[in-house]
């Protein structure tokens, strides 16, 4: 598969431990090639902050992509936000409505979690930065009834749910386009689109970190490097992407 001149290699598995781990260990593809690994069932899938990443057969879509940035490219700050834009574009391209984004890595619909993104970075033998982007999307609500948290499903945002193969192809294409542009221009090229889909725009939020610190203020969006902009009594604060959690205040 080729998308806008970018080669895309797609591999499908029935079962694996983790698509992110498998791609991190896989032989590198040629430069400027997007590697995609999708799996029906992950045995040890993971999300941010050490959480388990759950999948449930045909009711969800879980996959990872791998991309090598050119040697000497700037640090991929804000990559999870740009990936969110690519996922939203793909969902909208197959007919989804009201897809929103939550800083730094969630895809929402109706205020509930539709999908999540996990970025893991490595360094190649040549010194180039390699990014593996893991993505999970909820497709059908009936298959998620066992979960103890409110979730959204893609089928609720559209008239007809597309075949998973079509959705995966659209997602791979959008991610390939995003990564090609991101390699040259960084998150700044996607900031306006992310701002337009920011689920917490202008709303009071609370940001907490694993070390126990907390910040409250109004969500002003994201900076050019993907940092969260928070309006508080101290003025405009920047919160860098990391082990933090954002929620409505």
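The values are calculated or read from the model by the stated rules, or taken from the named source; none is laboratory data. From a predicted model like this one, the values you see are computed outputs, not experimental measurements. Cβ placement follows ideal geometry from the backbone for every residue including glycine, while neighbour counts extend to all protein chains displayed.
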Hey, residue 118 over 24 Å from residue 22 (Cβ atoms), outside any loop (DSSP other than H, G, I, E, B) and either at pLDDT 95 or above or touching a strand residue (DSSP E or B) at 6+ places or on another chain (Cβ under 9 Å) (or both) or not
no
Can you confirm whether residue 224 is in a loop (DSSP other than H, G, I, E, B), closer than 21 Å to residue 77 by Cβ and out of contact with any strand residue (DSSP E or B) (no Cβ under 7 Å at 6 or more places or on another chain)?
yes
Does residue 165 fit the bill of being surrounded by fewer than 16 Cβ atoms within 10 Å (Cβ to Cβ) and farther than 27 Å from residue 130 by Cα?
no
Note: among 81, 61, 13, 23, just one is within 12 Å of the chain's Cα centre (by Cα) and either modelled with pLDDT of 85 or more or not in a strand (DSSP E or B) (or both), namely 81
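Listed here are the residues, each with its yes/no results for (1) free of Cβ contacts under 8 Å to residues at least 12 places away in the same chain; (2) in a strand (DSSP E or B); (3) under 15 Å from the mean Cα position of the chain (by Cα).
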position	(1), (2), (3)
98	no, no, no
101	no, yes, yes
114	no, yes, yes
125	yes, no, no
131	no, yes, yes
Screening 172, 152, 196, 144 for residues that are more than 15 Å from the chain's Cα centre (by Cα) and modelled with pLDDT of 95 or more leaves only 196
Output for region 227-249, where each listed residue is more than 17 Å from the chain's Cα centre (by Cα), at pLDDT 85 or above and outside any loop (DSSP other than H, G, I, E, B):
229, 230, 231, 232, 235, 236, 237, 238, 239
Go through the residues of region 209-221 one by one and say whether even a single one is part of a loop (DSSP other than H, G, I, E, B), touching a helix residue (DSSP H, G or I) at 6+ places or on another chain (Cβ under 7 Å) and under 15 Å from residue 105 (Cα atoms).
no
Quick check: is even one residue across region 90-110 under 29 Å from residue 25 (Cα atoms), out of contact with any strand residue (DSSP E or B) (no Cβ under 8 Å at 6 or more places or on another chain) and surrounded by 20 or more Cβ atoms within 10 Å (Cβ to Cβ)?
yes
